[in-house]
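Notes follow the structure.
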Amino acid sequence: MRLAVVMNRSFATLFAAGAALCIGLAAIPQIEAADMSRGAYLAKAGDCISCHTAGPEAAPYAGGLPIESPVGIIYSTNITPDPVHGIGRYTLDDFTRAVRDGIAKDGRRLYPAMPYTSFTALSDEDIRALYDYFMHEVGPVSSAPPETRLPFPFNQRVGLFFWDLAFVEHARFKPNEKRSAEWNRGAYLVQSLGHCGACHTPRGFAFQEKAYSEASPHYLSGAVINHWYASNLRGDPASGLGRWREADIVEFLRVGHGGGAMAFGSMTDVVENSMQYLRDDDLKAIALYLKSLPARGEDASYRPEGPEVAVKLAALQRGEVERPGAGLYASFCAKCHRLTGEGKPGHTPKLAGNSLVLADNPTSLIRLLLEGAEPPKTVATPKPHKMPGFAAKFTDGQIAEVLSFIRSSWGNAASPVTTRQVATLRRALRKTP
């Protein structure tokens, strides 16, 4: 059993509690950052292709990806320079208003499945570079995506005006003069093009992001989205990035594993289609910025030096499996993750001290055990090792037991997983289209 655990990011917004991002776009030929135009590089940094491409066989940027939301399916738009179905007739001002303000050329409000709430921070220079790229380097595709048809009252886009007025901060990124140029570069990438807060920041009563920058302790503190838990990216030592080195974060973003953890869910698309293309200096800037975020506070802890840790490990190694979940772990999980919970570097993640294992919310752990996962395919990892799902093999009670065992072994100290939590998520996943 390979628990591919740490961070999950999906292209989420006000109504979109998450997105079934297309998988397989990494089959597109690899391009080095040095070979790209500035606009092409920025489009990679923004991961535009993942949401604006309907699938691995579809034309890039032609739209049509169905994005699941609590009120219905939202289809992504065609952003190729086709004059009829795409943005071919957009002027730079039209493009700017769409990207920063969420307003199409014809005046319609865009559903915030397009994360303009983050893109509003983009600089004029980057907006122009993106415009030049989409107008002159992307081929036009004469294809009309399915029309988004949400039920009343969500089909009345005038309501988006008031939501925008109440919750969106329409302002360009302003460098912090007390911080270094590298820190500001990382902050800019995370807050704007990276739109990391769209998944990793908790949402409010109207599905708005509770924060857009490090000025709030809510920012990047973790959130449940589309039946995944997008991890806490702040400095909490157990459930966050407090014990991660900057080099671990860089490695994770570049190849999908680092800090003893691996990417899963829609974070695989982010690594495959976006992060692996970024220059080292930008990845390092992102890591520097994330490492600067202070801890918010957590209930879990990791104390591998505790005297009881060695006692429990010795019992497990001797085959004494009286603890609930220990037998299941030894039989199904230890082959890949080892009895010590140390995993295999670059192959399977650690469970001992893993930040997602210690997360306050176990949703992603439960889903990974139910469905399995496949890490990203990158230049460095062309054949990742897939974790199988155990939905048919384990009962809800067994999943709760083995995950509770994992969250309380090797120095891990996090709340147990309940049978009810597993059963509730299993039912929800069955209803997901």
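Ala62 is checked against (1) modelled with pLDDT of 95 or more; (2) out of contact with any helix residue (DSSP H, G or I) (no Cβ under 9 Å at 6 or more places or on another chain); (3) of a type in the set (Gly, Ala, Ser); (4) surrounded by fewer than 21 Cβ atoms within 10 Å (Cβ to Cβ) and fails just one. What number does that condition carry?
Condition not satisfied by Ala62: (4).
Might you check whether a residue that is touching a helix residue (DSSP H, G or I) at 6+ places or on another chain (Cβ under 9 Å), of a type in the set (Val, Ile, Thr) and surrounded by 13 or more Cβ atoms within 10 Å (Cβ to Cβ) occurs anywhere in the range 92-99?
Yes: one or more hits.
Name the residues in the range 294-346 that are at pLDDT below 90, open to solvent by less than 40 Å² (accessible area, probe 1.4 Å) and not small (Gly, Ala, Ser), would you?
Answer for the range 294-346, where residues must be at pLDDT below 90, open to solvent by less than 40 Å² (accessible area, probe 1.4 Å) and not small (Gly, Ala, Ser): just Leu316.
What's the total number of residues in the range 150-184 that are farther than 13 Å from Thr117 by Cα and either loosely packed, with under 11 Cβ neighbours inside 10 Å or among the small types (Gly, Ala, Ser) (or both)?
The number of residues fulfilling the criteria is 11.
Taking helices (runs of 4 or more DSSP H) that fall entirely within the range 333-418, which contain at least 1 residues that are within 17 Å of the chain's Cα centre (by Cα)?
Working: elements: 334-337, 363-371, 396-406.
Correct list: 363-371.
From the list Glu125, Glu137, Glu147, which one is modelled with pLDDT under 95 and open to solvent by 60 Å² or more (accessible area, probe 1.4 Å)?
Numbers: Glu125 fails: modelled with pLDDT under 95; Glu137 fails: modelled with pLDDT under 95.
Going through Glu125, Glu137, Glu147 in turn, the sole match is Glu147.
Considering only the range 256-309, state which residues are within 18 Å of the chain's Cα centre (by Cα) and basic (Lys, Arg).
Lys291
Whether any residue in the range 69-81 is hydroxyl-bearing (Ser, Thr, Tyr), open to solvent by 30 Å² or more (accessible area, probe 1.4 Å), assigned to a strand (DSSP E or B) and modelled with pLDDT of 50 or more is what I want to check.
Pass one, the range 69-81, residues hydroxyl-bearing (Ser, Thr, Tyr): 69, 75-77, 80.
With the extra rule that they be open to solvent by 30 Å² or more (accessible area, probe 1.4 Å), the set shrinks to 75, 77.
Still in the list and also assigned to a strand (DSSP E or B): 75.
Now narrow it down to the ones that are modelled with pLDDT of 50 or more: 75.
So far as the range 69-81 goes, yes, one or more of its residues are hydroxyl-bearing (Ser, Thr, Tyr), open to solvent by 30 Å² or more (accessible area, probe 1.4 Å), assigned to a strand (DSSP E or B) and modelled with pLDDT of 50 or more.
Kindly list, by first and then second residue, each pair from a residue in the range 104-131 that is farther than 18 Å from Tyr188 by Cβ and in a helix (DSSP H, G or I) to a residue that is open to solvent by less than 10 Å² (accessible area, probe 1.4 Å) and at pLDDT 95 or above, limited to pairs with Cβ atoms under 8 Å and residues at least 6 apart or on different chains.
What qualifies is Tyr131/Gly39.
If Glu251 satisfies all but one of (1) touching a residue at least 12 places away in the same chain (Cβ under 8 Å); (2) touching a strand residue (DSSP E or B) at 6+ places or on another chain (Cβ under 9 Å); (3) open to solvent by 60 Å² or more (accessible area, probe 1.4 Å), what's the number of the condition it fails?
The failed condition is (1).
Please go through the range 163-188 and pick out each residue that is polar (S, T, N, Q) and either more than 19 Å from Arg234 (Cβ to Cβ) or part of a loop (DSSP other than H, G, I, E, B) (or both).
Initial filter on the range 163-188 (polar (S, T, N, Q)): 176, 180, 184.
Result: Asn176, Ser180.
The values are calculated or read from the model by the stated rules, or taken from the named source; none is laboratory data. Predicted model only: the values in this text are computed from it and were never measured. Heads up, the Cβs are rebuilt from the backbone with ideal geometry, glycines too, and the neighbour counts pull from every protein chain shown. All accessible areas refer to the heavy atoms of the entire protein, side chains included, with ligands and DNA or RNA removed. Shrake-Rupley method; radii C 1.70, N 1.55, O 1.52, S 1.80 Å.
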